[in-house]
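The values are calculated or read from the model by the stated rules, or taken from the named source; none is laboratory data. Note that this is a predicted model, so its numbers are computed, not measured. Cβ sites come from the backbone with ideal geometry, for glycine too, and all protein chains shown count toward neighbours.
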Amino acid sequence: MKTGARIVIVGNGPVPDSAAMEIASADCVIRFNDCRSYRPGQRTDIVAVCNTGRPAKMMLGASTPSAPHANILPTAWGAHPAVVEAASIWCVRNPALFAALRATLAITHPELDDFCDDATEAFEAFGVATGKVVRVLDAETQRFLETALADFSSAPYIVPSSGLVVIGEVLRAHPGADLAIAGFTHVGWDGHPFAAEARLVDRWVAEGRLRRLEAVPVFSLAVGS
């Protein structure tokens, strides 16, 4: 991606109408999983997916790790306008990193017995069938984020959210980009460290590394830093 490219990462939370023009005029628009914040006519260049566990199974339908090539095209996810338009699919969860988590989770979170089930092959097959580039994000991005998050919280969590992983990936790979985000509420599943993630993003905003296209509660950087 060219230096100075305008990139907008759109989460699945509410996106203000005021952000529409900037999203439409960006060089690259990244959305997530089922693209819940998408509205008809909006653009999408990359869809970042959770390529393990239940989110992957919900997107791919019968295209599970045990049947990676079944029913790839007929799924509702595959027919979503944002997915159809996207030129690329990013698999956010590095398979080797998640495979290494399996033994630990079997002890600490036995209810997540399918959390590390890898469906990357099914997404790659989907990419071949639909002419999309499929990329698996490097494990180094998640490791970088785990180190950064330690500055804000020592509370246990399972993994950073896919939204934060994509933000971190763009910051690391394209430091000269004009990066903006929208649709990030920093709340959700308790296996993600959302409070710490919000404070980390606020720090990046304060450093001028990215911009928010909506107003959200700002976590004080003075507390616990």
For the structure I just gave you, tell me whether A96 is of a type in the set (A, V, I, L, M, F, W, C), over 16 Å from the mean Cα position of the chain (by Cα), in a helix (DSSP H, G or I) and closer than 30 Å to R203 by Cα. yes
When A177 is run through (1) surrounded by 14 or more Cβ atoms within 10 Å (Cβ to Cβ); (2) modelled with pLDDT under 95; (3) closer than 19 Å to L97 by Cβ, the failure sits at (3)
If A82 satisfies all but one of (1) under 18 Å from R54 (Cα atoms); (2) of a type outside the set (S, T, N, Q); (3) outside any strand (DSSP E or B), what's the number of the condition it fails? (1)
Looking only at segment 78-97, count every residue that is touching a residue at least 60 places away in the same chain (Cβ under 8 Å) and of a type in the set (A, V, I, L, M, F, W, C) and tell me the total. 2
Could you list, in sequence order, all residues of segment 207-225 that are closer than 21 Å to P16 by Cβ and modelled with pLDDT of 55 or more? L210, R211, R212, L213, E214, A215
Can we say T147 is without any contact (Cβ under 8 Å) to a residue 24 or more places away in the chain and either under 18 Å from C35 (Cα atoms) or among the acidic types (D, E) (or both)? no
For the condition among the hydroxyl-bearing types (S, T, Y), modelled with pLDDT under 95, over 18 Å from the mean Cα position of the chain (by Cα) and not in a loop (DSSP other than H, G, I, E, B), what is the one hit in T104, T75? T104
Counting only residues that are more than 13 Å from the chain's Cα centre (by Cα) and assigned to a loop (DSSP other than H, G, I, E, B), which one in segment 180-202 is surrounded by the most Cβ atoms within 10 Å (Cβ to Cβ)? P193
Residue count, segment 1-60, condition surrounded by 24 or more Cβ atoms within 10 Å (Cβ to Cβ), out of contact with any helix residue (DSSP H, G or I) (no Cβ under 6 Å at 6 or more places or on another chain), in a helix (DSSP H, G or I) and in contact (Cβ under 8 Å) with a residue 40 or more places away in the chain, comes to 1
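Which of the residues that make up segment 72-102 are closer than 18 Å to L145 by Cα, touching a helix residue (DSSP H, G or I) at 6+ places or on another chain (Cβ under 8 Å) and either aromatic (F, W, Y) or surrounded by fewer than 21 Cβ atoms within 10 Å (Cβ to Cβ) (or both)?
Going through segment 72-102, the residues closer than 18 Å to L145 by Cα turn out to be 90-98, 100-101.
Next cut, touching a helix residue (DSSP H, G or I) at 6+ places or on another chain (Cβ under 8 Å) only: 90-97.
Selection gives W90, P95, A96, L97.
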Tally of residues being in a helix (DSSP H, G or I) and of a type outside the set (D, E, K, R) across segment 129-155: 10
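Would you check which residues across segment 108-128 are among the hydrophobic types (A, V, I, L, M, F, W, C) and not in a loop (DSSP other than H, G, I, E, B) and list them?
Within segment 108-128, L112, A122, F123, A125, F126, V128 qualify.
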Output the number of residues of segment 150-171 satisfying the condition of being over 23 Å from P110 (Cβ atoms), of a type in the set (A, V, I, L, M) and touching a residue at least 12 places away in the same chain (Cβ under 8 Å). 6
